[in-house]
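First comes the structure, then the notes that go with it.
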Amino acid sequence: MAKKHIHIIGGGLAGLAAAVSLSQRSDAQVILYESSPSLGGRARSFYDANLDRTIDNGNHLILSGNDAVFKYLNLIDATNSLTGSGYPLFPFVDLEEGKRWDLLLSKGRFPWWLFFAKHRVPDFKFPELLALWKLLKADTQKTVADCLVNGQLSRRLLQPFAVSALNTSCDAGSALLMGSVVRQSLMKGGKGCIPYFPKIGLSESFVQPAVSLIALQGGIINTKSRLSELHVQDGKIDYFIMNNNKIDVGPEDTVILALSAHVAEQILGAVCPKVKVPNQFESILNLHYAVDPNLRIKGSIDKAKFVGVIGGISEWIFVRPGVISITVSAANRFTGCQHENLASLIWQEVCEVLSPVIETPLPQAIPNHRLLWEKRASFVATVEQNHRRPSCYTPYQNLFLAGDWVATGLPATIEGAIRSGFGAAEAVFSSKIV
Ligand SMILES: Cc1cc2nc3c(=O)[nH]c(=O)nc-3n(C[C@H](O)[C@H](O)[C@H](O)COP(=O)(O)OP(=O)(O)OC[C@H]3O[C@@H](n4cnc5c(N)ncnc54)[C@H](O)[C@@H]3O)c2cc1C
């Protein structure tokens, strides 16, 4: 049987998920193209010679309620490459108000944790839970801020949760998208909120096992392959230009564009200008400090290997072997700041947060570090940008879209990217035209 060629362009997690899924089929020949030398896109790890450590492009946290992520990890046999405390445990420090607590959700759907002072957000009042109901019921026009209720539940949990999940301020962030995140996490109970992250790095968990499986299933992977143009003939893509070479797309063949949103907008603009794509972006700042690999932390932060920070610049501090990494979401607001000032202020916060739970004091002098500022970490999850997200279908019956910016109902996350990749893979074999 002649195989249908499926050209998947973009080797981030959306493209990899589509490739893993389609390369299983005996009637499909997958060819994956990626412009950079390595795969993984925004979710990759690399060796940093200056730090002499392997670091993630950005710290990534996954929750057990991310069904598409675990389906993908299961397919590529990499579920065991993740680690975590195994509990829905989130240690927090409030630097402004000098408080420390451990949010520990009860595993089942009924939120027993709300009735235990030592498991919940300190100083929270029950009427504040109305915010969750408002998020779940929000219409397409509401922002997260429209739904929040003043109080510590918002300040110490819902706001930081929303800013991390949407990578957008609460004033601008879409309540509809945040409602979806709440539905696939808190509403599933603690069972859906167990945090996981890679034992070694993002590439070791999400990329390398996928690459091996795609190759094993007969898929072809071409790195350093940059798409510059799609060409249309008779309502179909008939060829595309890759590294100045013309690649023919046969009558039975298909193209999945799994590019970053800003590149997809340029490429699609030439062939289907009516398809809108998110075009405003937020950045994420990550700072990786090289520390003693034998550093010992005590208590819940040791169990969780991360801590949430309220009232500082840092939002999450991850403690990995030999590296302390900090994440700041929606970081466009810091664009004017000197990098060294940020690195120094954030290190002071790290010392303040970790000193009470660390066996050997951290050095006061700022350690060797790497600042990574991903300028287009995600589209801004506003009401307006959410309306610009296209479905995976295009006006051409052999062209499909994937990427965290496609309309998945979720913000730009690994779950959204993988869901879109699987979605495009399914659509290829159930074609329809929009
Ligand atoms: C710092 C940071 C922290 C994050 N933290 C989290 C988190 O904690 N939890 C979470 O769930 N999500 C998180 N995310 C979001 C998550 O990483 C993304 O949603 C996901 O990786 C997007 O995958 P993608 O395949 O849609 O896009 P991308 O990863 O952008 O993949 C697109 C690929 O297309 C390639 N490409 C571009 N142009 C061309 C071209 N012309 N030809 C060929 N190839 C091309 C790119 O090189 C890239 O590899 C974070 C993102 C960042 C940046």
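The values are calculated or read from the model by the stated rules, or taken from the named source; none is laboratory data. Treat the numbers as computed from the prediction; the structure is a model and nothing was measured. We place every Cβ from the backbone using ideal geometry, glycine too, and count neighbours over all the protein chains shown. Side chains are part of the model used for accessible areas, which takes the heavy atoms of the whole protein and leaves out ligands, DNA and RNA. Shrake-Rupley method; radii C 1.70, N 1.55, O 1.52, S 1.80 Å.
Observations on the model:
- Cut-off under 5 Å, modelled amide H: who pairs with residue 310 long-range: 93, 94, 95
- Dipole of the chain computed with +1 at Lys/Arg Cβ and -1 at Asp/Glu Cβ about the Cα centre; of 288, 86, 387, farthest Cα towards the positive end is 86.
- Among the trypsin sites (Lys or Arg not before Pro) in the stretch 261-332, those placed in a DSSP loop whose Cβ has at most 12 other Cβ atoms within 10 Å are 274, 296, 298.
- Sorting the segments 110-116, 11-17, 149-155 by their residues' average number of neighbouring beta-carbon atoms within 10 angstrom, most packed first, yields 11-17, 149-155, 110-116.
- Cleavage-rule hits, chymotrypsin sites (Phe, Trp or Tyr not before Pro), the stretch 373-434, DSSP coil, Cβ neighbours within 10 Å at most 16: 429
- Above-threshold pairs, the threshold being 20 Å between Cα atoms, out of 236/274; 134/305; 224/375; 107/188; 107/303: 134/305; 224/375
- Simple point charges give the picture: +1 on the Cβ of Lys and Arg, -1 on the Cβ of Asp and Glu, and for the stretch 85-140 a dipole about the Cα centre of about 320 debye.
- Within the chain, helix-based [θ] at 222 nm, where runs of 4 or more DSSP H residues each add -39,500 (n - 2.57), nearest 500: -7000 deg cm²/dmol
- Loop trypsin sites (Lys or Arg not before Pro), the stretch 178-232, which have at most 12 other Cβ atoms in a 10 Å radius of their Cβ (DSSP): 224
- Per residue accessible area in Å² of the stretch 27-174, where ligands, DNA and RNA are left out and the probe is 1.4 Å: 46
- Using alpha-carbon coordinates, inclination of helix 414-428 to the longest axis of the chain, degrees: 20
- For the stretch 106-192, the gyration tensor built on C-alpha atoms gives a prolate shape. Its axis ratio a/c (a ≥ b ≥ c) is at least 1.5, and a/b is the larger of a/b and b/c.
- For residue 359, the accessible surface of its heavy atoms amounts to roughly 110 Å² (probe 1.4 Å, protein chains only, rounded to the nearest 10).
- Cα centre as origin, Lys/Arg/Asp/Glu Cβ charges: the chain dipole, Debye: 900
- Net charge of neighbours whose Cβ lies under 15 Å from the Cβ of residue 322, counting Lys and Arg as +1 and Asp and Glu as -1: +2
- Positive end of the dipole of the chain (Cβ unit charges, origin at the Cα centre): among 272, 329, 108, the Cα lying farthest that way belongs to 108.
- Rolled with a 1.4 Å probe across the full set of protein chains, the surface gives residue 292 an accessible area near 90 Å².
- Per residue, the accessible area of the stretch 320-434 comes to 41 Å² when a 1.4 Å probe rolls over the protein heavy atoms.
- Heavy-atom accessible surface of the chain: percent carbon and sulfur, 1.4 Å: 52
- Placing unit charges on the Cβ atoms only, positive for Lys and Arg and negative for Asp and Glu, gives the stretch 53-187 a dipole magnitude near 360 debye about its Cα centre.
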